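Only one structure is covered here, and it is reproduced in the block below.
The values are calculated or read from the model by the stated rules, or taken from the named source; none is laboratory data. None of the values given here were measured: they were computed from a predicted structure. All Cβ positions, glycine included, derive from the backbone under ideal geometry; neighbour counts span all protein chains shown.
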Amino acid sequence: MRLDKYLKVSRLIKRRTIANEACDAGRVTINGKPAKASAEVKIGDIIEVGFGSKAVKVEVLDVSETTRKDDAKELYKYI
C-alpha cells in the first residue's frame, strides 16, 4: 500500500493530500530513510512523522485498504 494512503487509512494524518504534502516536505521517514508518498508500506516497517516540534513513531502491524474509525488503532502501535 502507498505511504500516503496508509497514513490516511490509519488516521495518523487526516487527509491523503496532507499526507502527500508531508512526504514531499521530508517530514515522513520509513525505517529511518526519507520516504516519498508512493513508497510501499509493509508490515513491520517503522514510520516516523514530524508534526512541528513533535515526532510520532509507529510500527506497522497491519496493512488494510479500508478500516472503520474504531479499528484504525489496530493498524499500528506507538514506539
Mind checking whether some residue in segment 11-34 is among the aliphatic types (A, V, I, L, M), free of Cβ contacts under 8 Å to residues at least 24 places away in the same chain and buried (at least 18 other Cβ atoms within 10 Å of the Cβ)?
yes
Unmet criterion (only one of (1) in a strand (DSSP E or B); (2) touching a Ser or Thr at 6+ places or on another chain (Cβ under 9 Å); (3) more than 13 Å from Leu3 (Cα to Cα)) for Ile47
(3)
Looking at this structure, is Arg11 of a type in the set (Lys, Arg) and on the phi > 0 side of the Ramachandran plot?
yes
Would you call Val41 under 18 Å from Tyr78 (Cβ atoms), at pLDDT 95 or above and not hydroxyl-bearing (Ser, Thr, Tyr)?
yes
For segment 1-33, which residues satisfy the criterion of being part of a strand (DSSP E or B) and under 16 Å from Val56 (Cβ atoms)?
Val28, Thr29, Ile30
